[in-house]
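S.K.: Pasting a structure here, questions to come.
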Amino acid sequence: MSDPAPHALRRDVSLDHIPSSEPPLTASRPVPRGGGAVAPERVARAVTVERLNAWYGDQHSIKDLTLSFAPNRATALIGPSGSGKSTVVRCINRMHEEIPGARAGGRVLLDDVDVYDSGVDVVAVRRSIGMVFQKPNPFPTMSIFDNVAAGLRLTSRKVGHDQVERALRGAGLWEEVKDRLGKPGVGLSGGQQQRLCIARALAVEPDVLLMDEPASALDPISTLKIEELVEELKRTVTIAIVTHNMQQAARVADDTAFLLDGELVEVGPTEKIFTNPDDSRTEEYVTGKFG
Amino acid sequence: MEAGTLVPAGERSSALHRSPAARLPDRLLKWGLTALSVGVIALIAYFFIKLILESRPVFSQVGLGSYLFSADWVPSKQLYGALPLLAGTLVTSAIALVLGIPVAVATALYITELAPRRIRGPLTVVVDLLAAVPSVVYGLWGFFFLIPKLQPAERWFADAFSFLPFIGGNVTGPNYFVAGLILAIMILPIASAISREVILTVPREHKEAALALGATRWEMIRMAVLPYARGGIAGGAMLGLGRAIGETIAVTLVIGNAPVIGHTVFQQGYTLAAVIANEFGEAASDPLHRAALIAAGLVLFVLTLGVNAVARAFVLRAERAVTSPAGGPLAGAGGRNADSRMPT
Amino acid sequence: MSAVAFAPISARRRRVDKLARGGVALLTGVALVPLALILYYLLKQGLGAISLSFFTTDPTGSFLGDPGGIKSAIVGTLLMVGLATAVAVPVGVGVAIWLVEFGRVSKLAHAVRYFIDVMTGVPSIVFGLFVYITLVLGGVGGSSFAGWKGSTALALLMLPIVTRSAEVVLQLVPNSLREAAYALGAPRWKTVLRVVLPTALPGIVTGVLLAIARAAGETAPLLFTAAVVNATAFNYNDRMNSLPALIFQNVGQAQDRLVTIAWGAALTLVAMILMLTLLARLIQRRSRLS
């Protein structure tokens with residue numbers, strides 16, 4: 001197992017004063033508590049993007065990009081608007097091709113299986129690679145329970161209450177909604193809705209969780225809760241998180257990749273990217289000279 | 001816009017107050033148009049009242065309850081029980097809904113979600129073309145083509161499934177089923193157009209959420225599209241129902257116009273609208289008969305008012321961000337393509 | 001790390017997906033069948049009746065011998081729909097202008113919109129009844145059945161269609177245009193007439209054409225307002241023939257030649273309506289107001 005990244009840049013802010021109505025997430029799962037190290041509970045898979053190209057019609061949006069996402073770690077993608085961060089992530093679970101006129105080429109390996117291989121079923125890919133979107137999008141006609149169960153119901157008729165509970169705990173939402181599982185999902189606050197969407201994605205036990213600016217539509221407190229979550233989620237999934245907020249990347253990610261105009265400029269441990277990057281463009285971006 | 005003639009030179013440099021004479025055309029326009037609009041309301045109200053008044057003779061003779069619920073419609077004997085007419089109206093409309101709405105929703109789903117992009121436009125035009133065929137032509141075609149061609153199949157069906165209620169027994173040429181089938185075809189375009197409008201309003205993010213969970217295309221439609229659109233689709237179905245209830249000419253040509261309540265769907269019947277069209281000639285000289293027909297018109301009016309009110313409630317609730325009234329002549333034109341936004 | 005392939009989705013799900021999508025496509029195909037059949041039969045049965053004399057002779061009404069043509073029906077339809085349009089369009093557009101420019105969201109406007117909506121749901125035969133009760137029974141104008149009374153029924157039918165579509169288009173005219181005119185000092189009525197209406201014109205024309213197409217095909221309102229007659233009438237106060245009424249009259253006839261007349265008339269009517277509809281869509285496509 002690789003070393004967890006140093007926590008030097010994270011969490012200058014103490015979160016103790018923010019009331020958390022739920023017991024520590026570790027209570028329900030017996031996990032050895034090391035000092036700062038995150039021991040994986042379940043070995044997730046690595047994602048390797050190899051020479052990815054993506055187009056929107058004629059517009060060549062991602063150019064020959066190669067990037068790895070280490071298992072049980074969080075990798076952030078940062079870069080100015082239009083640099084292709086979301087596109088890369090959407091190519092990983094093959095959502096990119098759902099846009100009319102869009103196409104992608106190259107390889108995306110989950111461990112050593114290429115998701116773009118002709119023998120692979122795109123539906124199966126999306127089951128193993130979950131996604132959380134920028135704007136919380138719980139299904140408006142479903143209750144909280146049904147929202148979480150939605151993915152599970154695709155494959156089995158009966159969905160156990162315990163499965164839903166597990167997913168909601170994993171998203172840090174259980175205590176807040178356990179008494180109103182039958183209420184509509186859209187009745188929750190924005191931050192809660194996003195955690196509901198995370199629970200929904202977790203319920204099908206994916207290996208990878210793609211998060212496309214998951215907190216950009218949320219208030220600061222909800223944002224911090226989501227960031228806390230990322231730390232916990234690393235135990236079970238590999239995380240790729242797109243963010244335009246550099247401080248967020250610094251807080252949650254083990255590794256950070258900087259994209260510019262559809263190309264990967266630099267990738268490395270988060271601390272290095274933010275304090276001592278190799279490429280001058282990276283330095284200019286993280287010091288705020290542009291973007 | 002020629003500013004020169006829009007605001008003549010003299011007016012531009014005049015004082016800030018316009019003379020009463022200059023304001024007159026504005027006032028005329030406003031009050032003229034207001035009067036016109038109020039006049040429309042008054043007209044409809046007037047017609048409604050007149051309908052009631054002219055049908056009173058038959059209600060005083062027969063009584064409202066008896067008119068609606070007695071099963072004997074024999075004008076020659078001054079018997080006016082409209083139950084067969086009501087039954088026929090409801091049965092044919094029900095058949096129209098059962099046959100027509102699933103097909104309408106299917107076409108809407110196919111056009112918006114499943115069809116290759118290139119054929120979506122032409123397909124929409126073709127489906128909407130069904131609305132361009134006038135009802136008398138539907139009746140003509142139904143009379144000469146549908147009735148004879150369907151009879152053998154109807155006979156086989158009636159024999160094979162005679163254990164089902166309302167099936168089995170004698171099969172006449174013109175019957176409820178053919179009328180219901182033609183009505184189904186006639187309500188198809190409007191139900192499809194409204195369903196299309198509503199399905200297009202399903203936000204892309206819900207569809208993406210379903211796909212990202214690992215849903216097949218059909219599962220995505222079931223999870224994200226249909227639940228969201230069902231209110232509007234129901235509204236479209238109700239509008240179709242309203243149309244089916246009031247349809248006259250096509251029905252009267254294929255239903256047999258027998259003032260009885262048929263025992264099976266393959267037997268002849270009558271509807272409220274058909275009886276008016278058919279018996280008007282005879283009723284010219286018989287005031288009571290005339291009143292009975294006008295009363296049938298009144299019942300028809302009230303029925304369609306009710307159904308359309310329910311339909312409106314459904315459609316309005318589902319309309320949200322849509323600006324053009326669903327079902328109007330411009331519905332379906334320039335359909336929004338919510339998929340063309342790109343992520344950053 | 002093991003080369004774990006993705007758990008393939010179950011055969012059942014694949015099957016359901018294929019079946020469902022196939023079913024939807026199939027039903028869509030089913031929806032197209034009636035149209036194809038109708039057009040086929042119209043052409044097959046109706047083309048035989050078409051000739052120059054078909055359009056230029058009146059129906060004779062005789063059961064034996066020459067059944068004649070459909071001249072009076074065409075003339076009657078043109079005259080009656082024409083008059084109906086001449087009435088329905090100004091009134092309909094007027095109401096629409098009032099709704100968009102003056103009434104807007106007031107309670108009265110709400111009521112007017114509601115009544116117009118009600119009118120769209122009224123069956124056409126009930127409009128015929130309205131006119132029958134108020135105009136025919138009373139013998140208004142000195143006659144019982146008359147062409148202009150048929151026009152009245154058609155105008156009632158067309159009114160909500162014209163108003164609805166005109167209202168939509170007028171609302172699409174950007175407010176900035178109106179404001180520009182006001183800023184120049186133009187009075188309300190000039191703004192409406194010279195700025196708003198011309199901009200909205202293509203959309204209004206589209207709505208009008210579609211209303212005309214609808215009115216041309218209506219039978220029920222004419223049955224007891226204009227009645228059916230064989231001779232060509234140019235006097236609106238006389239009974240007038242119409243294409244739909246002629247078709248209706250001939251359907252039940254046993255004579256093959258009369259039936260052929262009906263098909264020929266139906267083909268003519270559908271051709272007229274299709275042309276109007278296509279013209280309307282063309283105008284709509286060429287004007288992009290939104």
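S.K.: Of the residues that make up segment C:51-60, is at least one out of contact with any Pro (no Cβ under 9 Å at 6 or more places or on another chain), among the polar types (S, T, N, Q), within 9 Å of another protein chain (Cβ to nearest Cβ) and surrounded by 13 or more Cβ atoms within 10 Å (Cβ to Cβ)? Break it down into steps so the answer makes sense when it comes.
M.R.: Of all residues in segment C:51-60, those out of contact with any Pro (no Cβ under 9 Å at 6 or more places or on another chain) come to C:51-58.
In the following step, the residues that additionally are among the polar types (S, T, N, Q) were identified as C:51, C:53, C:56-57.
Add one more test, that the residue is within 9 Å of another protein chain (Cβ to nearest Cβ), and what stays is none.
Taking every residue of segment C:51-60 in turn, none turns out to be out of contact with any Pro (no Cβ under 9 Å at 6 or more places or on another chain), among the polar types (S, T, N, Q), within 9 Å of another protein chain (Cβ to nearest Cβ) and surrounded by 13 or more Cβ atoms within 10 Å (Cβ to Cβ).
S.K.: Name the single residue that is farthest from the other protein chains (Cβ to nearest Cβ) among those in segment A:147-184 being more than 26 Å from C:Ile9 (Cα to Cα) and exposed (fewer than 13 other Cβ atoms within 10 Å of the Cβ).
M.R.: Among residues in segment A:147-184 that are more than 26 Å from C:Ile9 (Cα to Cα) and exposed (fewer than 13 other Cβ atoms within 10 Å of the Cβ), the one farthest from the other protein chains (Cβ to nearest Cβ) is A:Asp179.
S.K.: Output the residues belonging to segment C:243-290 that are open to solvent by 40 Å² or more (accessible area, probe 1.4 Å), farther than 22 Å from C:Ile50 by Cβ, touching a residue at least 40 places away in the same chain (Cβ under 8 Å) and more than 10 Å from every other protein chain (Cβ to nearest Cβ).
M.R.: Across segment C:243-290, the qualifying residues are C:Ile283, C:Arg286.
S.K.: Exactly one condition in (1) in contact with a strand residue (DSSP E or B) (Cβ under 6 Å, 6 or more places away or on another chain); (2) farther than 18 Å from A:Ala217 by Cα; (3) assigned to a loop (DSSP other than H, G, I, E, B); (4) within 14 Å of chain B (Cβ to nearest Cβ) is false for A:Gly130; which is it?
M.R.: Condition (3) is where A:Gly130 drops out.
S.K.: To continue, here is another question. Restricting to segment B:174-212, and then to whatever is in a loop (DSSP other than H, G, I, E, B) and open to solvent by less than 10 Å² (accessible area, probe 1.4 Å), can you tell me which residue is nearest to A:Ser128 (Cα to Cα)? Give the derivation first.
M.R.: Keep residues of segment B:174-212 that are in a loop (DSSP other than H, G, I, E, B), which gives B:174-175, B:201-203.
Among the residues that remain, those that are also open to solvent by less than 10 Å² (accessible area, probe 1.4 Å) are: B:175, B:202.
Numbers: B:Asn175: 56, B:Val202: 26 Å.
Going through the qualifying residues, I end up with B:Val202.
S.K.: Now a separate question. If we keep just the residues of segment C:181-195 that are without any contact (Cβ under 8 Å) to a residue 12 or more places away in the chain, over 20 Å from B:Thr34 (Cα atoms) and of a type in the set (A, V, I, L, M, F, W, C), which is farthest from the other protein chains (Cβ to nearest Cβ)?
M.R.: C:Ala183
S.K.: Let me ask something else. Among the residues of segment A:71-94, write down those that are open to solvent by 10 Å² or more (accessible area, probe 1.4 Å), touching a Ser or Thr at 6+ places or on another chain (Cβ under 9 Å) and under 25 Å from A:Ser280 (Cα atoms).
M.R.: The answer is A:Ser81, A:Gly82, A:Lys85.
S.K.: May I ask you to list pairs of residues, at least six apart or on different chains, whose Cβ atoms are under 6 Å apart, with the first in segment C:18-44 being within 13 Å of B:Val127 (Cα to Cα) and the second being among the aromatic types (Phe, Trp, Tyr)?
M.R.: Listed by first residue and then by second, the contacts come to C:Thr28/B:Tyr110.
S.K.: Select from segment B:111-166 the residues that are in a loop (DSSP other than H, G, I, E, B), modelled with pLDDT of 90 or more and farther than 30 Å from C:Ala220 by Cβ and list them in ascending order. Walk me through how you get there before you give the answer.
M.R.: Residues of segment B:111-166 in a loop (DSSP other than H, G, I, E, B): B:115-116, B:133-134, B:161-166.
If we keep only those that are modelled with pLDDT of 90 or more too, we end up with B:115-116, B:133-134.
Selection gives B:Ala115, B:Pro116.
S.K.: Separate question: In segment B:221-236, what count of residues is obtained for those that are surrounded by fewer than 24 Cβ atoms within 10 Å (Cβ to Cβ) and out of contact with any Ser or Thr (no Cβ under 6 Å at 6 or more places or on another chain)?
M.R.: Going through segment B:221-236 one residue at a time, the tally reaches 7.
S.K.: Quick one: how many residues across segment C:117-128 are over 19 Å from B:Ile41 (Cβ atoms) and in a helix (DSSP H, G or I)?
M.R.: As a first pass, look at segment C:117-128 and keep what is over 19 Å from B:Ile41 (Cβ atoms): C:123-125, C:128.
Imposing the further condition that a residue be in a helix (DSSP H, G or I) reduces the set to C:124-125, C:128.
Qualifying residue count, segment C:117-128: 3.
S.K.: Between A:Ala199, A:Ala240, A:Ala257, which is part of a helix (DSSP H, G or I) and surrounded by 24 or more Cβ atoms within 10 Å (Cβ to Cβ)?
M.R.: A:Ala199
S.K.: Is there any pair linking a residue in segment A:105-119 that is touching a residue at least 12 places away in the same chain (Cβ under 8 Å) and within 12 Å of chain C (Cβ to nearest Cβ) to one that is open to solvent by less than 70 Å² (accessible area, probe 1.4 Å) and of a type in the set (D, E, K, R), with Cβ under 7 Å and at least six apart or on different chains, and which?
M.R.: Within 7 Å, the pairs are A:Leu109/A:Glu50; A:Leu110/A:Arg45; A:Leu110/A:Asp207; A:Asp111/A:Arg45; A:Val115/A:Arg94.
S.K.: May I pose another question? Just a yes or no: is a residue in segment C:82-104 among the hydroxyl-bearing types (Ser, Thr, Tyr) and at pLDDT below 95? Quick ask: steps written out before the conclusion?
M.R.: Start the filter on segment C:82-104 by keeping residues that are among the hydroxyl-bearing types (Ser, Thr, Tyr), which leaves C:85.
From what's left, at pLDDT below 95: none.
Scanning segment C:82-104 turns up no residue that is among the hydroxyl-bearing types (Ser, Thr, Tyr) and at pLDDT below 95.
S.K.: Considering segment A:263-273 alone, what residues qualify as being touching a Leu at 6+ places or on another chain (Cβ under 9 Å) and surrounded by fewer than 23 Cβ atoms within 10 Å (Cβ to Cβ)? Outline the logic, then answer.
M.R.: Kept after step one, since they are touching a Leu at 6+ places or on another chain (Cβ under 9 Å), are these residues of segment A:263-273: A:263-265, A:267, A:270-271.
Correct list: A:Glu263, A:Leu264, A:Val265, A:Val267, A:Glu271.
S.K.: Sticking with this one: Let me confirm something: among A:Arg251, A:Arg235, which residue is more than 25 Å from A:Leu52 (Cα to Cα), more than 14 Å from chain B (Cβ to nearest Cβ), touching a residue at least 40 places away in the same chain (Cβ under 8 Å) and assigned to a loop (DSSP other than H, G, I, E, B)? Working first, answer last.
M.R.: Working: A:Arg251 fails: assigned to a loop (DSSP other than H, G, I, E, B).
Exactly one of A:Arg251, A:Arg235 is more than 25 Å from A:Leu52 (Cα to Cα), more than 14 Å from chain B (Cβ to nearest Cβ), touching a residue at least 40 places away in the same chain (Cβ under 8 Å) and assigned to a loop (DSSP other than H, G, I, E, B), namely A:Arg235.
S.K.: Let me ask you something else. Could you list, in sequence order, all residues of segment C:196-227 that are open to solvent by 10 Å² or more (accessible area, probe 1.4 Å), at the interface with chain B (Cβ under 10 Å from one of its Cβ atoms) and β-branched (Val, Ile, Thr)?
M.R.: Selection gives C:Thr199, C:Val208.
S.K.: From the list B:Leu200, B:Leu188, which residue is away from chain C (no Cβ under 11 Å), farther than 15 Å from B:Ala311 by Cα and in contact with a Gly (Cβ under 8 Å, 6 or more places away or on another chain)?
M.R.: Details: B:Leu188 fails: away from chain C (no Cβ under 11 Å).
From the options B:Leu200, B:Leu188, the qualifying one is B:Leu200.
The values are calculated or read from the model by the stated rules, or taken from the named source; none is laboratory data. Just so it is clear, the structure is predicted and the values come from calculations on it, not from any experiment. Counting neighbours? That spans all protein chains shown, and the Cβs are built from the backbone with ideal geometry, glycine included. Accessible surface is based on the protein model in full, side chains and every heavy atom, while ligands, DNA and RNA are left aside. Shrake-Rupley method; radii C 1.70, N 1.55, O 1.52, S 1.80 Å.
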